[in-house]
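> This is the structure, below, for whatever I ask next.
The values are calculated or read from the model by the stated rules, or taken from the named source; none is laboratory data. None of these values were measured; they are calculated from a predicted model. Note that each Cβ is placed from the backbone with ideal geometry, even for glycine, and that neighbours are counted across all protein chains shown. Just the protein is used for accessible areas: all its heavy atoms, side chains included, with ligands, DNA and RNA removed. Shrake-Rupley method; radii C 1.70, N 1.55, O 1.52, S 1.80 Å.
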Amino acid sequence: MNTTDRKARKKSRITPDLRVNLGGIILNNPITVASGTFGYGMEYEPFMDIASLGAVIVKGTTLEPRAGNPPPRICETPSGMLNAIGLENPGVKAFINQHLPVLRSRKTTVIVNIAGNTVEEYAELARTLDGQSGIAGLELNISCPNVKQGGLQFGTDPVMVQELVAAVKSQTSLPVMAKLSPNVTDIVAIARAAERGGADCLSLINTLLGMAIDIENRKPFLANTFGGLSGPAIKPVALRMVYQVASEVPLPIMGMGGITDTRDVIEFLMAGATAVSIGTANFVNPLVTQEVLAGLRDYMEQNQITSVQELIGAALPQGLPKKGSAELT
Amino acid sequence: MPSVEKALVIRHREIVPYYYELEFIAPSIAQEVLPGQFVNIRVSNSLDPLLRRPFSIYNVDKKLGSITVFYKVVGRGTELLSLMPIQKRLDVMGPLGRPFSIPGNINRAYLIGGGVGIAPLVYLARVLTDSDIKVKVLMGASTAGFICGRDMFDQLGVNYLISTDDGSEGLKGKVTDLFEQQLFLQDCDYIYACGPEPMLAKITRLALDNGIDGEISLEGRMACGVGACLGCSHPVLKDGNRSYAKICSDGPVFRIGEMLLHNGDVR
Ligand SMILES: Cc1cc2nc3c(=O)[nH]c(=O)nc-3n(C[C@H](O)[C@H](O)[C@H](O)COP(=O)(O)OP(=O)(O)OC[C@H]3O[C@@H](n4cnc5c(N)ncnc54)[C@H](O)[C@@H]3O)c2cc1C
Ligand SMILES: Cc1cc2nc3c(=O)[nH]c(=O)nc-3n(C[C@H](O)[C@H](O)[C@H](O)COP(=O)(O)O)c2cc1C
Ligand code: FES
C-alpha cells in the first residue's frame, strides 16, 4: 500500500453502527449465543465479558425442573454433532431466583428460551416471566425434537404454531420470537403461521433430526435414539431456510445453524437475518463470538459499510419484504 | 480460571505402540492446574473432527510453564493428535473440571489406575508426596509393555504394584484384584481411582464394603467442557433420587459412592 492509499483509508475511516432491532428487542450488535449452548452465560465468563454479546439466549426453560435424557446424550458426526439433552433445566422458578439476578447484574441482554408440553404451559411460562426485569424478550422453542408430546408436533403444524404464539402473546408484554424447526417440508408456511399468531420476530433454525448407530453393539448410539444435528454440517440448510423465510415473511430473523466465522455471519445477514446466533461453535472455540464481532467490524470498516442494516438481506433479489422490519426505531 | 492458549509443542513421542507423551508450553494453564483437572485440545484446525478432546494432566512443570499429557490413540482425533509435530502450536483450553481434593486427615493413600487411567495419578502422586502423604500406586494394564508412568513413580520414590491381564508382569488379573488383595494390609485410609467405568464400579464397591473413603475420576463424552451444554451428564443418586451431574464441571472427580456406575454391582 502506498502513502496516498493509506491516507485515503485513514481519512475515510468509519465507526460502523452494529445496533439492530429484532422486532422490539434492541441489540447492541447482531452477534448472540444460541439457547442450550451457552448455559446461563456464567460458564463462559472466564473467556469474555458476556455483556459484549448482542444477547445471551439462555437454556430452554420449562415450568417444572427437568432431569433430561439418560446418557449418552451427544455424538460427534462429520463437521457436526448430535444432541439429545432432553431439556435438562432447573425450571422457571429457579431460573428467576438463581440465574436471572446474576445475568441482570452483568447488564447482559437476556432472551429467555421457553418450552412446554401444552399451550397452557407456554402461556403460564410467559406470564411468570412477564413481570421480571432484565429480560429483553422470549424465544419460543416450538421445535425441540427431543421431548415427546411437545417439540416436534407444535413446530410442524401451522395451526398449532399460530395458536401457541397467540396464547403466549396474550400473556406477555415482552417481544416474542418464535424459533422454527427445520424438520418440516415448508418452513415458510410455519413462519407465516407464527406471524399470524403475532410473533414479533423469528429465529431459525433449530437442530435437524438425525441419528447415529453404534455398530459394535448394534443399537442407536444416543440413549434417546434420535438427536438434533448442529454445527457446520447444517449451515447450507440453515442459510437456505433463512433466505426463503426472509424473502417471504416481513418479520426480523435471528439466523443460526453452523456459524463458525465472520464469513458465515455475513452470509446469514445477507440472506436476510437481522441478527445471528452462534451455538455449537462456542464448544470448539469459546472465543468465537468475540472473534466474529471483531471480524464483522473490520469487514464493515474495510468496505465502508456504516450500518449493519446495509448488509441485512443484501443477497435477496427483491430485498426484504415490506413492513420495514429491519429499521431501527 | 480457564483460558485458551496457543501452546508450543516441545516434546511428543510414542512411548510404546499407540501410547504417546505430549508436552507443550501453556503458562497460564500450567500455573493454575491441579491434579485431576483436564485440558480440552483441538486436534486439528479444520472443522472435522469438530469437537475438542479431553485429556488429563499427566505432569506439570510450573517453572517452564509446560504441561504433559499421556494418551492412547483410540480413534480419529487421537490419531490426528499423534501426528502433531514439535515446534507447532496446539490449541489448548483449560484448566477444566473439579480437581482431586486432599483431605487434611489422610496419611496413606492408594492410587488405583487402569490403562490410561494412570495418567492423572502421576501428577497427583507428586502433589500428595509433597504433602507428606504416603502413596501406594496400584496399576493395571493388558500387558507389561503398556504399563505407563513407572519412570515417574520411580523418580518420586513412590511404591507401585502391577497387575496385567496376561500375567506378563505382576499379578495376573485386574487392578481390582490387586486392590482386593492389598486390603488386608489395612495400610490405606483414602483412595483415588481412575479408569474404565466397570473398574471404578468394582473399586467403589470394595472401598465402601471396607469403609474406605476416596475419589474417582470419570470419563464421558463432552462437547463444551465447561458445564454449558449438558452433554456429559452422568447419573447420580442425590438424597435417594436419581439425577444427573456434569462430568466436565461437577467432575470429572467425584466422591466414592456418589455416582451410579454402570456394569458394576454398586447399588
Ligand atoms: C476428563 C477426561 C480425561 C481424559 N484423559 C485422558 C488421558 O489422560 N489420556 C487418554 O488417552 N485419554 C483420556 N481421555 C479419553 C480421551 O478423551 C478419548 O480417548 C478421546 O477423546 C478419543 O478421541 P478420538 O477421536 O481418538 O476417538 P473417537 O472414538 O473417534 O472419538 C469420537 C468422539 O467420542 C469422544 N470419546 C471417545 N472416547 C472417549 C472417552 N473415553 N472419553 C471421552 N470422550 C471420548 C471423542 O472425544 C469424540 O468426541 C479422557 C477423557 C476425559 C473425559
Ligand atoms: C447441546 C445443545 C443444546 C441445545 N439446547 C437447546 C434448547 O434448550 N432450546 C432450543 O431452542 N435450542 C437448543 N439447541 C439448538 C441451538 O440453539 C441451535 O438452534 C442449533 O444448535 C443450531 O445452531 P449451531 O449449529 O450454531 O449450534 C441446542 C443445541 C445444542 C448443540
Ligand atoms: S461437556 Fe458440556 S456440560 Fe459437560
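> Run down B:G251, B:G257 and say which single residue is away from ligand 1 (no atom under 16 Å from the Cβ) and more than 7 Å from every other protein chain (Cβ to nearest Cβ).
Numbers: B:G251 fails: away from ligand 1 (no atom under 16 Å from the Cβ).
After ruling out the rest, the residue left standing is B:G257.
> Sticking with this structure for a sec: Considering only region A:174-191, how many residues are more than 14 Å from A:T156 (Cβ to Cβ) and either in contact with a helix residue (DSSP H, G or I) (Cβ under 7 Å, 6 or more places away or on another chain) or open to solvent by less than 10 Å² (accessible area, probe 1.4 Å) (or both)? Spell out the reasoning first.
The first filter runs over region A:174-191 and keeps only residues more than 14 Å from A:T156 (Cβ to Cβ), leaving A:174-177.
When the remaining residues are screened for being either in contact with a helix residue (DSSP H, G or I) (Cβ under 7 Å, 6 or more places away or on another chain) or open to solvent by less than 10 Å² (accessible area, probe 1.4 Å) (or both), the result is A:174, A:176-177.
Total meeting the criteria: 3.
> Turning to a different aspect of this structure: Which condition breaks for B:Y58 when tested against (1) away from chain A (no Cβ under 14 Å); (2) under 26 Å from A:N282 (Cβ atoms)?
All conditions are met except number (2).
> Taking the condition modelled with pLDDT of 95 or more and not assigned by TED's automatic domain parsing to the domain that holds B:G113, does B:V43 pass? Outline the logic, then answer.
Values: modelled with pLDDT of 95 or more: yes; not assigned by TED's automatic domain parsing to the domain that holds B:G113: yes.
For B:V43, the condition - modelled with pLDDT of 95 or more and not assigned by TED's automatic domain parsing to the domain that holds B:G113 - is met.
> Return only the number of the condition from (1) within 21 Å of the chain's Cα centre (by Cα); (2) modelled with pLDDT under 95; (3) open to solvent by 10 Å² or more (accessible area, probe 1.4 Å) that A:Y122 does not satisfy.
Of everything listed in (1) within 21 Å of the chain's Cα centre (by Cα); (2) modelled with pLDDT under 95; (3) open to solvent by 10 Å² or more (accessible area, probe 1.4 Å), A:Y122 misses just condition (3).
> Okay, next question. Looking at B:V92, B:V74, B:V39, can you tell me which residue is surrounded by fewer than 17 Cβ atoms within 10 Å (Cβ to Cβ) and closer than 30 Å to A:K235 by Cα?
Numbers: B:V92 fails: surrounded by fewer than 17 Cβ atoms within 10 Å (Cβ to Cβ); B:V39 fails: surrounded by fewer than 17 Cβ atoms within 10 Å (Cβ to Cβ).
That would be B:V74, the only listed residue that is surrounded by fewer than 17 Cβ atoms within 10 Å (Cβ to Cβ) and closer than 30 Å to A:K235 by Cα.
> Restricting to region A:37-79, what's the tally of residues that are open to solvent by 20 Å² or more (accessible area, probe 1.4 Å), within 14 Å of ligand 3 (Cβ to nearest atom), free of Cβ contacts under 8 Å to residues at least 40 places away in the same chain and under 30 Å from A:T118 (Cβ atoms)?
Here the count works out to 1.
> Go through region B:130-150 and give me each residue that's under 17 Å from the mean Cα position of the chain (by Cα) and assigned to a helix (DSSP H, G or I). Reasoning before the result, please.
From region B:130-150, those under 17 Å from the mean Cα position of the chain (by Cα) are B:135-141, B:146-150; that's our starting set.
Answer for region B:130-150, where residues must be under 17 Å from the mean Cα position of the chain (by Cα) and assigned to a helix (DSSP H, G or I): B:F146, B:R150.
> Please verify whether region A:296-309 includes one or more residues that are within 29 Å of B:E5 (Cα to Cα), open to solvent by less than 10 Å² (accessible area, probe 1.4 Å) and within 14 Å of another protein chain (Cβ to nearest Cβ).
Checking region A:296-309: not a single residue is within 29 Å of B:E5 (Cα to Cα), open to solvent by less than 10 Å² (accessible area, probe 1.4 Å) and within 14 Å of another protein chain (Cβ to nearest Cβ).
> Where in region B:186-267 are the strands (runs of 3 or more DSSP E), entirely inside, with at least 1 residues that are over 15 Å from B:P99 (Cα atoms)? Quick ask: steps written out before the conclusion?
Working: elements: B:190-194, B:214-217, B:233-238, B:241-246, B:253-255.
Those strands (runs of 3 or more DSSP E) span B:190-194, B:233-238, B:241-246.
> Which condition number does B:L64 fail, the rest of (1) within 15 Å of ligand 1 (Cβ to nearest atom); (2) at pLDDT 95 or above being met?
(1)
> A further question on this structure: What residue, of B:N45, B:N40, is of a type outside the set (S, T, Y), farther than 23 Å from B:S217 by Cβ and touching a residue at least 40 places away in the same chain (Cβ under 8 Å)? Steps first, answer last, please.
Numbers: B:N40 fails: farther than 23 Å from B:S217 by Cβ.
Matching residue, one of B:N45, B:N40: B:N45.
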